[in-house]
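The next block holds one structure in the form of structure tokens; read it before the comments.
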Amino acid sequence: MHPLHTMPITLTGNDVEKKREEIREYFHKTYDTYEDLFTVFNDDNVFYEQPEVTRHPMIFYFGHTATFFVNKFMVAKIIDKRINPAFESTFAIGVDEMNWDDLESANYSWPEVSEARVYRDEVRTLVDGLITSLPMTLPITQDSPWWIILMGIEHERIHIETSSVLHRQLPIEQVHSVVNFSICPDSGLSPKNEMIAVDGAEVTLGKDRHHHLYGWDNEYGVQNESVKAFKIAKYLCSNEEYLAFEQDGGYTNADYWDEEGRRFLEISKTLSPTFWVDNGEGSFDYRTMTEIIAMPMNWPVDVNYLEAKAYCRWKSAKEGREYRLLSEPEWYLLYERAGIKDVPDFDDSGSNINLAHYASSCPVDNFAFGDIYDIVGNVWQWTESHMNGFKGFEPHYAYDDFSLPTFDGKHNLIKGGSWASSGNEIMKHSRYAFRRHFYQHAGFRVVEGDEVKKEENIYESDALVSQYCHFQYGNNHFGVENFAKKCAEYALEYAKGTPMKHALDLGCATGRASFELAHGFDKVTGIDFSARFVQVGLDLKTNREIGFQRVIEGEIVAQERVTLEELGFGDIVENVDFWQGDACNLKAHFGGYDLIMATNLIDRLYEPMLFLNDVDQRLNDGGYLILTSPYTWLEEYTKKEFWLGGYRDENGDVVSTLDGLKNALEGKFELVGTHDVPFVIPETARKFQHTISQMSVWKKR
């Protein structure tokens, strides 16, 4: 058991000060455990190693979880001043191989490890101070600042596990064993597996917003499922069972792999599970986080989804039966059938989870839940189920891209947790999904039963994104021109006297203006704070079409679909890139532009001057800055002290936003024009927002 082993806290209680201390202890144990994880490195040079090509060096992950606290506190307006803006940009994004993750090493100048440690200490002090001082009302709800603190803690709990996976992928000579992360000493031959019959039943997935435990947005809502009877393996698939597949040419027989799997094999050149180590003697050893040991035949195999499915096809062909992976509803049924109690009554002494026993897997027949073993713990179990939202799903405002980018049919759910899972991960309702070629501490068990129907659920379920898609890509209304297209036309006309090499579309939303600008610029970068919006532009670029819903009235919707060719973007699509980013704290390498266009953004920034103070450094001499805004200042987005206009000064004089922009920019820019640009946002077939945005055009002196 790790000395900092702890159980998650509940949101309920009657004693505020007691709950405050529970959260303080939970925070510090989480923070300490994460830092303890990095003591397995042989020296600080390992922090700059990149264990996997789709991941940052380890220094990023060391700083990322601390930065997360600060960035979310800023979004939630719990604080109004950053600790280290450079770190809070550098360490912000790049953890899940999303298309907007910036993994180019040339774009980063990583800090010294000692600096990162000091920064983590500063964040620790900040969080502890907030725990001491913030008012508290019980139960803690999703609109409470305490929810944001718990969000940061649970986020770091996730990274305790995902970082341990990366540590496991580092060269063995770069890590060493430490007493706090001891592996299981028991191994042997695998027990004979057998299929257990499970009766069908009705199950309800999801939980309501009054639940007593912290949850991520994808856990809330309701989904009722009727699960048919099935048979399931008593044990997780062991290394010994999987070895038979490998020895039978499983990795070289294309019949066992689907198109995605074959592409994975071609790119990765994989011939065995990633944590199997060829010992040069015609067999394999096994890689734990810090050691290479003799192959533990009775431990569960660690594979990605594609490998697990290939095994199922091989086993089906061998035995003349139809094997597959379990589904999310089937896992729920197993959980309830076994009578497992959820947190806070969950007993982790009876499963290999929460670092309660080992920092590794253990034999598949160690922890029984009735007649089936390891329903929770040991390794995560890949499922056939894609990640989606339950009925009633809503993203949380402070982390709106936690789940929605995974509603793409490319992420499969994993269930049950592993030896490294803790916090929210060990709860009944937790839902995590990864791309099918990803590795976690994840394995599988086979199921015999009807094939699982996969529901595709992408952005059409996101009302706000669909509304913006309709705004940017739908029909015009009342004779008002498409706003994104009209702004781009103005921008292209002003930019004619510049080299027109590179443009930045800041606050790009779903990307229409970015594509329009590419008709004149060699390269266009679209950046938006919301990954939900960025994904639309990426989908259009990658899939050459997007679909969205147009609300007619109430729950009546119409499906809309547009293509690159219809929009006239077919020949310029490769000139456009999209990234997620914060306009008030952009990464340093976003620069060298001939044009920066920020549409309807300035009055939605938490501190506009942070953007305006350094925008000139990102723009080439003679380049243009184009700002549009209806100047609808709201304290919901921007504290009044940071408004550029829309108020009276101490003398009672009116200060307009254009006046504020002149004060902020005229030393570095010349105002060369203003234009009124109307736009219409459709809400339903009979309700529209008609707004007039002012465009101000500034030329860098």
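Going by what's in this entry, would ALA106 be described as among the small types (Gly, Ala, Ser) and either in contact with a Gly (Cβ under 9 Å, 6 or more places away or on another chain) or modelled with pLDDT of 95 or more (or both)?
Values: among the small types (Gly, Ala, Ser): yes; either in contact with a Gly (Cβ under 9 Å, 6 or more places away or on another chain) or modelled with pLDDT of 95 or more (or both): no.
Here the answer is no, as ALA106 does not meet what is asked.
Step by step: first the residues of the range 34-52, then only those that are under 22 Å from the mean Cα position of the chain (by Cα) and farther than 17 Å from TYR119 by Cα, then the one that is surrounded by the fewest Cβ atoms within 10 Å (Cβ to Cβ). Which residue is that? The extreme case among them is GLU52. Within the range 671-692, one or more residues are among the basic types (Lys, Arg) and either without any contact (Cβ under 8 Å) to a residue 12 or more places away in the chain or not assigned by TED's automatic domain parsing to the domain that holds SER514 (or both).
Has the range 321-329 got at least one residue that is assigned to a loop (DSSP other than H, G, I, E, B), surrounded by fewer than 22 Cβ atoms within 10 Å (Cβ to Cβ) and in contact (Cβ under 8 Å) with a residue 24 or more places away in the chain? Give the steps one after another, and end with the answer.
So the first thing to find is which residues in the range 321-329 are assigned to a loop (DSSP other than H, G, I, E, B), and the list is 321-322, 327.
Within this subset, residues satisfying the condition of being surrounded by fewer than 22 Cβ atoms within 10 Å (Cβ to Cβ) are 321-322.
So of that shortlist, the ones also in contact (Cβ under 8 Å) with a residue 24 or more places away in the chain come out as 321-322.
Scanning the range 321-329, I find at least one residue that is assigned to a loop (DSSP other than H, G, I, E, B), surrounded by fewer than 22 Cβ atoms within 10 Å (Cβ to Cβ) and in contact (Cβ under 8 Å) with a residue 24 or more places away in the chain, so the answer is yes.
Considering the range 268-285 alone, what residues qualify as being of a type outside the set (D, E, K, R) and out of contact with any Asp or Glu (no Cβ under 9 Å at 6 or more places or on another chain)? Within the range 268-285, SER268, GLY280, GLY282, SER283 meet the criteria. Answer yes or no: is there a residue in the range 332-352 that is crowded, with 22+ Cβ neighbours inside 10 Å, in contact with a Ser or Thr (Cβ under 6 Å, 6 or more places away or on another chain) and in a loop (DSSP other than H, G, I, E, B). Within the range 332-352, none of the residues are crowded, with 22+ Cβ neighbours inside 10 Å, in contact with a Ser or Thr (Cβ under 6 Å, 6 or more places away or on another chain) and in a loop (DSSP other than H, G, I, E, B). For the range 405-420, the candidate set comprises residues that are in contact with an Asp or Glu (Cβ under 6 Å, 6 or more places away or on another chain) and either among the β-branched types (Val, Ile, Thr) or crowded, with 21+ Cβ neighbours inside 10 Å (or both); within that set, the residue that is nearest to GLU336 (Cα to Cα) is GLY417.
Of all residues in the range 398-436, which are under 30 Å from LYS269 (Cα atoms), part of a loop (DSSP other than H, G, I, E, B) and modelled with pLDDT of 95 or more? Outline the logic, then answer.
We begin by selecting, within the range 398-436, every residue under 30 Å from LYS269 (Cα atoms); these are 405-421, 432-436.
Checking which are part of a loop (DSSP other than H, G, I, E, B) leaves us with 407-410, 416-421, 436.
Those that are under 30 Å from LYS269 (Cα atoms), part of a loop (DSSP other than H, G, I, E, B) and modelled with pLDDT of 95 or more: GLY416, GLY417, SER418, TRP419, ALA420, SER421, ARG436.
Those strands (runs of 3 or more DSSP E) of the range 487-586 in which 1 or more residues are within 23 Å of THR674 (Cβ to Cβ) and modelled with pLDDT of 95 or more occupy 502-506.
Looking only at the range 197-222, residues that are buried (at least 17 other Cβ atoms within 10 Å of the Cβ) and closer than 18 Å to PRO329 by Cβ come to 9 in all.
Would a scan of the range 524-535 turn up a residue that is over 21 Å from GLU565 (Cα atoms), surrounded by fewer than 24 Cβ atoms within 10 Å (Cβ to Cβ) and hydroxyl-bearing (Ser, Thr, Tyr)? Checked against the condition, which is being over 21 Å from GLU565 (Cα atoms), surrounded by fewer than 24 Cβ atoms within 10 Å (Cβ to Cβ) and hydroxyl-bearing (Ser, Thr, Tyr), the range 524-535 yields at least one hit.
Residues are listed down the side, and each one gets a yes or a no for (1) in the same structural domain as ASN620 (by TED's automatic domain parsing); (2) among the β-branched types (Val, Ile, Thr); (3) surrounded by fewer than 23 Cβ atoms within 10 Å (Cβ to Cβ):
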residue	(1), (2), (3)
GLY474	yes, no, yes
GLY497	yes, no, yes
CYS508	yes, no, no
HIS519	yes, no, yes
ILE552	yes, yes, yes
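Out of LEU265, LEU271, one residue alone is more than 30 Å from THR39 (Cβ to Cβ), among the hydrophobic types (A, V, I, L, M, F, W, C) and not in a loop (DSSP other than H, G, I, E, B). It is LEU265. If you take the residues of the range 608-624 that are buried (at least 19 other Cβ atoms within 10 Å of the Cβ) and in contact with a helix residue (DSSP H, G or I) (Cβ under 6 Å, 6 or more places away or on another chain), which of them is nearest to LEU492 (Cα to Cα)? Among them, the one singled out is TYR624.
When the range 474-517 is limited to residues that are in contact with a His (Cβ under 9 Å, 6 or more places away or on another chain) and among the hydrophobic types (A, V, I, L, M, F, W, C), the one that is nearest to ASP528 (Cα to Cα) turns out to be ALA488.
Can you name every residue in the range 83-102 that is at pLDDT 90 or above and assigned to a loop (DSSP other than H, G, I, E, B)? Across the range 83-102, the qualifying residues are ILE83, ASN84, PHE91. Among the criteria (1) under 28 Å from GLU219 (Cβ atoms); (2) at pLDDT 95 or above; (3) not basic (Lys, Arg), the one SER114 does not fulfil is (1). Per the listing PHE688, PHE611, PHE642, the residue uniquely under 30 Å from PHE478 (Cα atoms) and among the hydrophobic types (A, V, I, L, M, F, W, C) is PHE688.
Identification of strands (runs of 3 or more DSSP E) wholly contained in the range 126-229 with 2 or more residues that are within 30 Å of PHE47 (Cα to Cα), in the same structural domain as GLU448 (by TED's automatic domain parsing) and among the hydroxyl-bearing types (Ser, Thr, Tyr) yields no element. Only one entry of SER268, SER316, SER283 meets the criterion of being touching a His at 6+ places or on another chain (Cβ under 9 Å), surrounded by fewer than 21 Cβ atoms within 10 Å (Cβ to Cβ) and of a type in the set (Gly, Ala, Ser), and that entry is SER268.
Considering ILE158, ILE196, ILE232, the condition of being among the hydrophobic types (A, V, I, L, M, F, W, C), at pLDDT 95 or above and within 30 Å of GLY63 (Cβ to Cβ) is satisfied by ILE158 alone.
Figure legend. Inter-residue proximity from the range 42-61: first residues assigned to a helix (DSSP H, G or I), second residues among the acidic types (Asp, Glu), beta-carbon distance below 8 Å, spacing 6+ or different chains. Indicated pairs: MET58/GLU49.
Within the range 648-698, work out how many residues are of a type in the set (Ser, Thr, Tyr) and either surrounded by fewer than 15 Cβ atoms within 10 Å (Cβ to Cβ) or over 30 Å from ASP80 (Cβ atoms) (or both).
3
The values are calculated or read from the model by the stated rules, or taken from the named source; none is laboratory data. Bear in mind the structure is a predicted one, so any value in this text is a computation, not a measurement. Please note: Cβ atoms are built from the backbone with ideal geometry, for glycine as well, and neighbour counts cover all protein chains shown.
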